[in-house]
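S.K.: One structure is given below, represented as structure tokens, and several questions about it will come after.
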Amino acid sequence: MPAFIRLVAVAVNAGLALAQTSVTVNVGSTLQQIDGFGVSQAFGRANEFKALASTPRTKGLDYLFSTTTGAGLTIIRNRIGSGGSGDSILPNSPGSPSGTPSYVWDGSDSGQVWFSQSAMSYGVKTIYADAWSAPGFMKTNGNQGNGGWLCGVTGKTCSSGDWRQAYANFLVQYVKYYQQAGIPVTHLGFLNEPDYVTSYSSMQSDASQAASFIPTLYNTLNSNGLSSVKITCCDATGWSAQKTLTSGLVSAGMEQYLGVFTSHMYSGDPNSPLSTKLKVWETEAADLDSAWCATWYSSGGLCEGLTWANKIHTGIVNANLSAYLYWEGVEVNQSQASSYLVASDGTNVTPSGRLWAFAMWSRFIRPGAYRVSTSGTVSSVGIGAFKNTDGTVVVVFTNTGSSAQSVKLSFTGFTPSNAAAYLTDNTHTVASTTATLSGGAVTVSVPAHGVLTVKMSGGGTATATTTGAGTSTTTTTTKTTTTTSSGCTAALNAPQLTQPLYLLAVGDWVLEVTTPTIDTADLEIVVSFVEIPTRLHLLEGSLNTNVAKTEQA
């Protein structure tokens, strides 16, 4: 009569099956709503982009806006020009604030009309129009550049009069021109970096001065049937400056007129929430110092993709941002800079690691999604979870550490029926990878110096889709008894895959273990043979199996 051995195995992974960390996603605990991610093509970059030949132009647009081959961006930011002819819709002064303005519209707006229409063809619906300055004749310094204040705001008077209403009329007329072109402007800003003076378009303002103009702009929009357009403020140079402006505007009661508070990151990244009930956007961010760089990760430099993936994570998760925008999208023959996401030499089009950092968020987290709460931490990994309007749940892992991390995702208020994972690191670009679903939980491996995005659908039976590079395998939890040709019997209570991942040898017998993760509660190996072997070793893979208990029947 054959002897029987029962081996209860504990899976310990030094390579593939890593020490696992649990994270719980509470889908019913909603935080801020997400409006999207985007770029600008201001200061003539839209015209340069448009002038490319058809093939590189289409490739550039695909990289920015496609949800299958690009970043899937969903917001564009256009500049409202304030200079002379060819830049501003009001190049000449009407003589006084009450004079009749002679607006000029060329139908192009430095290529931004084309860029807006192109973005809309990909499904973009959020168009942000922002003025860097009022026209010079409306300002205290008589110049659209070099700072200066809008005539008539708190503490600033001009001999020519109070230009606040005229400036509001100017901004609203710009919105009307876009409306006539079939482009609905959704957000309107009247300041850009009001804490910074520079030779190009710039206008200064503090909170009290902004507050003395905002109601005028609000009422002008309403009286022109544009009440759906949300007013933004103030696109400060960095987070600390925007916090000061926000505090002053909230104290002045401006939240009733505004739709969004906006900031840049040059003097400080968004890293904590603003004290407001309104949405908050980061509307301009870039590496202004480095030459062109397409690198994902090397040393943590500012031009690298992983650096920006972490900045986006910090902004969305720590500062409760609803949108994150890079400065420029596509530029032509500008190899001295990394202030944009996609480069072209006129023929070739090259995406940067920064673009793919945005893709790991924007392609999967769509406008209208809500961030949801999570519990549990993973070493060196940032975690953000979201629920889309279609009911799908997305979790983004940003691993800035040098070691891969195994994570088991559990859920409250949601039962996943399938899961797909995608990774970006030095050797992968939004590439399909394995996500294993079992018992309502999803297990993934987050690569070192990489981003992993997991998208899950709910409903249906307790089955999962484990997606690899170009393959999809359906799994169910079953208990299967397998008898080998040599008479070795194995009973497994674990997911059975169509492709074996490990081969274990028990003495002279070979056992296929076809699950990428082994749970001690789910795996029981029963082996029968004539002679009891003394060795258990690995034939393939990097799994180390410790025998916790041996019983002879």
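S.K.: When the residues of region 222-236 are filtered to those that are open to solvent by 20 Å² or more (accessible area, probe 1.4 Å) and touching a residue at least 12 places away in the same chain (Cβ under 8 Å), which remaining residue is farthest from residue 270 (Cα to Cα)?
M.R.: Kept after step one, since they are open to solvent by 20 Å² or more (accessible area, probe 1.4 Å), are these residues of region 222-236: 222-225, 227-228, 230.
Cutting the leftovers down to touching a residue at least 12 places away in the same chain (Cβ under 8 Å) gives us 224, 228, 230.
Numbers: 224: 35, 228: 27, 230: 22 Å.
Per the criteria, the residue is 224.
S.K.: Filter region 405-425 down to the residues that are in a loop (DSSP other than H, G, I, E, B), surrounded by fewer than 17 Cβ atoms within 10 Å (Cβ to Cβ) and of a type outside the set (Gly, Ala, Ser) and list them by number.
M.R.: Initially, region 405-425 is screened for residues in a loop (DSSP other than H, G, I, E, B), giving 413-415, 425.
From the residues that got through so far, the ones that are surrounded by fewer than 17 Cβ atoms within 10 Å (Cβ to Cβ) too are 413, 415.
Across region 405-425, the qualifying residue is only 415.
S.K.: For residue 424, are the conditions met, namely being within 26 Å of residue 308 (Cβ to Cβ), over 20 Å from the mean Cα position of the chain (by Cα) and among the hydroxyl-bearing types (Ser, Thr, Tyr)?
M.R.: For residue 424, the condition - within 26 Å of residue 308 (Cβ to Cβ), over 20 Å from the mean Cα position of the chain (by Cα) and among the hydroxyl-bearing types (Ser, Thr, Tyr) - is not met.
S.K.: Turning to a different aspect of this structure: Could you list, in sequence order, all residues of region 69-89 that are among the hydroxyl-bearing types (Ser, Thr, Tyr) and in contact (Cβ under 8 Å) with a residue 60 or more places away in the chain?
M.R.: Here is the first cut: in region 69-89, the residues among the hydroxyl-bearing types (Ser, Thr, Tyr) are 69, 74, 82, 85, 88.
Within region 69-89, 74, 82 qualify.
S.K.: Another question, if that's okay. List the number of the failed condition for residue 101; all other conditions in (1) open to solvent by less than 20 Å² (accessible area, probe 1.4 Å); (2) more than 22 Å from the chain's Cα centre (by Cα); (3) under 18 Å from residue 180 (Cβ atoms) hold.
M.R.: Checking residue 101 against (1) open to solvent by less than 20 Å² (accessible area, probe 1.4 Å); (2) more than 22 Å from the chain's Cα centre (by Cα); (3) under 18 Å from residue 180 (Cβ atoms), the one that fails is (1).
S.K.: Taking residue 161 as the residue in question, decide whether it is out of contact with any Cys (no Cβ under 9 Å at 6 or more places or on another chain) and either assigned to a loop (DSSP other than H, G, I, E, B) or over 30 Å from residue 312 (Cβ atoms) (or both). Explain how you work it out, then say what you get.
M.R.: Numbers: out of contact with any Cys (no Cβ under 9 Å at 6 or more places or on another chain): no; either assigned to a loop (DSSP other than H, G, I, E, B) or over 30 Å from residue 312 (Cβ atoms) (or both): yes.
Spelling it out, it is not the case that residue 161 is out of contact with any Cys (no Cβ under 9 Å at 6 or more places or on another chain) and either assigned to a loop (DSSP other than H, G, I, E, B) or over 30 Å from residue 312 (Cβ atoms) (or both).
S.K.: Please determine, by comparing only the residues of region 110-124 that are in a loop (DSSP other than H, G, I, E, B) and touching a Lys or Arg at 6+ places or on another chain (Cβ under 9 Å), which one is most open to solvent (accessible area, probe 1.4 Å).
M.R.: 110
S.K.: With the requirement that a residue be part of a loop (DSSP other than H, G, I, E, B) and either buried (at least 22 other Cβ atoms within 10 Å of the Cβ) or touching a helix residue (DSSP H, G or I) at 6+ places or on another chain (Cβ under 6 Å) (or both), what does region 125-147 give you?
M.R.: Step one: list which residues in region 125-147 are part of a loop (DSSP other than H, G, I, E, B), which gives 125, 132-135, 140-144, 146-147.
Selection gives 132, 133, 134, 135, 142, 143, 144.
S.K.: Next up: Do we find that residue 173 is over 28 Å from the mean Cα position of the chain (by Cα), of a type outside the set (Lys, Arg), open to solvent by 30 Å² or more (accessible area, probe 1.4 Å) and within 14 Å of residue 131 (Cα to Cα) in this structure? Break it down into steps so the answer makes sense when it comes.
M.R.: Values: over 28 Å from the mean Cα position of the chain (by Cα): yes; of a type outside the set (Lys, Arg): yes; open to solvent by 30 Å² or more (accessible area, probe 1.4 Å): yes; within 14 Å of residue 131 (Cα to Cα): yes.
So residue 173 fits the description; yes.
S.K.: Could you list all residues from region 27-62 that are among the basic types (Lys, Arg) and touching a Lys or Arg at 6+ places or on another chain (Cβ under 9 Å)? Before the answer, list the steps.
M.R.: So in region 27-62, the residues among the basic types (Lys, Arg) come out as 45, 50, 57, 59.
Hits for region 27-62 are 50, 57.
S.K.: Turning to a different aspect of this structure: Could you list all residues from region 152-163 that are open to solvent by less than 60 Å² (accessible area, probe 1.4 Å) and closer than 11 Å to residue 97 by Cβ?
M.R.: Going residue by residue through region 152-163, those that are open to solvent by less than 60 Å² (accessible area, probe 1.4 Å) are 152-153, 156, 158, 160-161, 163.
Within region 152-163, 152, 158, 160, 161, 163 qualify.
S.K.: Provide a single number: the residues in region 247-263 that are out of contact with any helix residue (DSSP H, G or I) (no Cβ under 8 Å at 6 or more places or on another chain) and under 24 Å from residue 202 (Cα atoms).
M.R.: 3
S.K.: Listed residues 129, 211, 181; which is in contact with a Gly (Cβ under 8 Å, 6 or more places away or on another chain) and either over 30 Å from residue 268 (Cβ atoms) or at pLDDT below 95 (or both)? Working first, answer last.
M.R.: Details: 129 fails: either over 30 Å from residue 268 (Cβ atoms) or at pLDDT below 95 (or both); 211 fails: either over 30 Å from residue 268 (Cβ atoms) or at pLDDT below 95 (or both).
Answer to the selection: 181.
S.K.: From the residues in region 384-404 that are under 25 Å from residue 319 (Cα atoms) and small (Gly, Ala, Ser), which one is surrounded by the fewest Cβ atoms within 10 Å (Cβ to Cβ)?
M.R.: 391
S.K.: Being under 22 Å from residue 123 (Cα atoms) and open to solvent by 40 Å² or more (accessible area, probe 1.4 Å) is the filter here, so list the residues in region 182-221 that pass it. Reasoning before the result, please.
M.R.: Within region 182-221, the first condition is being under 22 Å from residue 123 (Cα atoms), and the residues that meet it are 182-188.
Passing the criteria: 182, 184.
S.K.: While we're on this one: Working only within region 253-272, note down all residues that are farther than 28 Å from residue 339 by Cα and open to solvent by less than 50 Å² (accessible area, probe 1.4 Å). It would help to see each step written out before you state the result.
M.R.: Restricting attention to region 253-272, the residues satisfying the condition of being farther than 28 Å from residue 339 by Cα are 253-258.
Across region 253-272, the qualifying residues are 253, 254, 255, 258.
S.K.: Under 7 Å between Cβ atoms, which residue pairs at least 6 apart in sequence (or on different chains) link something in region 367-395 that is over 17 Å from residue 324 (Cβ atoms) with a partner that is open to solvent by 10 Å² or more (accessible area, probe 1.4 Å) and of a type in the set (Phe, Trp, Tyr)?
M.R.: These pairs meet every condition: 387/370; 393/414.
S.K.: Let me ask another. Mind checking which residues of region 350-380 are open to solvent by 30 Å² or more (accessible area, probe 1.4 Å) and closer than 19 Å to residue 42 by Cα?
M.R.: Passing the criteria: none in range.
S.K.: Same structure, new question: Give just the number: which of (1) assigned to a helix (DSSP H, G or I); (2) open to solvent by 10 Å² or more (accessible area, probe 1.4 Å) does residue 249 not satisfy?
M.R.: (2)
S.K.: While we're looking at this one, here's another question. Do the conditions hold for residue 75, that is, is it closer than 14 Å to residue 117 by Cα, at pLDDT 95 or above and not basic (Lys, Arg)?
M.R.: Values: closer than 14 Å to residue 117 by Cα: yes; at pLDDT 95 or above: yes; not basic (Lys, Arg): yes.
It is true that residue 75 is closer than 14 Å to residue 117 by Cα, at pLDDT 95 or above and not basic (Lys, Arg).
S.K.: Looking only at residues that are surrounded by fewer than 18 Cβ atoms within 10 Å (Cβ to Cβ) and under 21 Å from the mean Cα position of the chain (by Cα) in region 429-446, which one is nearest to residue 295 (Cα to Cα)?
M.R.: 429
S.K.: If only one of 93, 85 is surrounded by fewer than 18 Cβ atoms within 10 Å (Cβ to Cβ) and small (Gly, Ala, Ser), which one is it?
M.R.: Numbers: 93 fails: surrounded by fewer than 18 Cβ atoms within 10 Å (Cβ to Cβ).
After ruling out the rest, the residue left standing is 85.
S.K.: Condition test on residue 204, is it of a type in the set (S, T, N, Q), assigned to a helix (DSSP H, G or I) and either within 22 Å of residue 145 (Cα to Cα) or more than 30 Å from the chain's Cα centre (by Cα) (or both)?
M.R.: Numbers: of a type in the set (S, T, N, Q): yes; assigned to a helix (DSSP H, G or I): no; either within 22 Å of residue 145 (Cα to Cα) or more than 30 Å from the chain's Cα centre (by Cα) (or both): yes.
Answer is no for this residue.
The values are calculated or read from the model by the stated rules, or taken from the named source; none is laboratory data. Not measured: the values here are computed from a predicted model. Cβ atoms come from the backbone with ideal geometry, glycine included; neighbour counts cover every protein chain shown. Each accessible area value is taken on the protein alone, full model and side chains, heavy atoms only, with ligands, DNA and RNA left out. Shrake-Rupley method; radii C 1.70, N 1.55, O 1.52, S 1.80 Å.
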